[in-house]
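As structure tokens, the structure follows; a few thoughts come after it.
The values are calculated or read from the model by the stated rules, or taken from the named source; none is laboratory data. Just so you know, these numbers come straight off a predicted model, no measurement behind them. We place every Cβ from the backbone using ideal geometry, glycine too, and count neighbours over all the protein chains shown.
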Amino acid sequence: FEDSLVWKLGLVGISCIETCQALNMTCSSAVSSSLDSIQKLLLVANITSTECNFVTGSGSHLAPHRFGAGRSSCYYRSTPSYSCYAWDPFFQRFCSCIPK
């Protein structure tokens, strides 16, 4: 990943747009959508100090994400669908943020 890129696990129910804005950065849909394998997701989980005991693919436009706070089920993107704007009341999203 590029040096200026910041990976952040967002809060439950918050979009990557909001997560990155809180860092005075912008969401990179191109980078976030590249998390399309177990290995890539586990690398970002390590960067964000996130525990992932169960990892699988998800066709949701929310992926990559983690199911709820305090849980350890993480999902990488298994389809082309991705949105920086998407959010869900039960998921935390892995967000790639870049300088504005």
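In this structure, does Tyr75 turn out to be at negative phi, modelled with pLDDT of 90 or more, among the aromatic types (Phe, Trp, Tyr) and surrounded by fewer than 14 Cβ atoms within 10 Å (Cβ to Cβ)? Against the criterion (at negative phi, modelled with pLDDT of 90 or more, among the aromatic types (Phe, Trp, Tyr) and surrounded by fewer than 14 Cβ atoms within 10 Å (Cβ to Cβ)), Tyr75 does not qualify. Within the range 1-28, the residues that satisfy the criterion of being farther than 16 Å from Ala86 by Cβ and either touching an Asp or Glu at 6+ places or on another chain (Cβ under 9 Å) or surrounded by fewer than 19 Cβ atoms within 10 Å (Cβ to Cβ) (or both) are Phe1, Glu2, Asp3, Ser4, Leu5, Val6, Ala22, Leu23, Asn24. In the condition set (1) of a type outside the set (S, T, N, Q); (2) surrounded by fewer than 22 Cβ atoms within 10 Å (Cβ to Cβ); (3) outside any loop (DSSP other than H, G, I, E, B), Pro89 is compliant with all but (3). Looking only at the range 52-81, how many residues end up being touching a residue at least 40 places away in the same chain (Cβ under 8 Å) and farther than 16 Å from Trp7 by Cα? Result for the range 52-81: 4. Scanning the range 29-47 for residues that are within 14 Å of Gly10 (Cα to Cα) and either more than 12 Å from the chain's Cα centre (by Cα) or crowded, with 16+ Cβ neighbours inside 10 Å (or both) yields Ser32, Val44, Ala45. Would you call Gly57 within 17 Å of Ala86 (Cβ to Cβ), out of contact with any His (no Cβ under 9 Å at 6 or more places or on another chain), at pLDDT 90 or above and among the small types (Gly, Ala, Ser)? Considered against the rule, which asks whether it is within 17 Å of Ala86 (Cβ to Cβ), out of contact with any His (no Cβ under 9 Å at 6 or more places or on another chain), at pLDDT 90 or above and among the small types (Gly, Ala, Ser), Gly57 comes out as yes. The set of residues in the range 48-63 that are surrounded by 14 or more Cβ atoms within 10 Å (Cβ to Cβ) and either of a type in the set (S, T, N, Q) or in contact with a helix residue (DSSP H, G or I) (Cβ under 6 Å, 6 or more places away or on another chain) (or both) comprises Thr48, Thr50, Cys52, Val55, Ser58, Ser60.
How many residues are closer than 13 Å to Arg77 by Cβ, modelled with pLDDT under 95 and either part of a helix (DSSP H, G or I) or aliphatic (A, V, I, L, M) (or both) if we restrict to the range 11-36? Give the derivation first.
Taking the range 11-36 first, the residues closer than 13 Å to Arg77 by Cβ are 16, 29-36.
Subset that is modelled with pLDDT under 95: 29-36.
With either part of a helix (DSSP H, G or I) or aliphatic (A, V, I, L, M) (or both) added as a condition, the list becomes 29-32, 35.
Here the count works out to 5.
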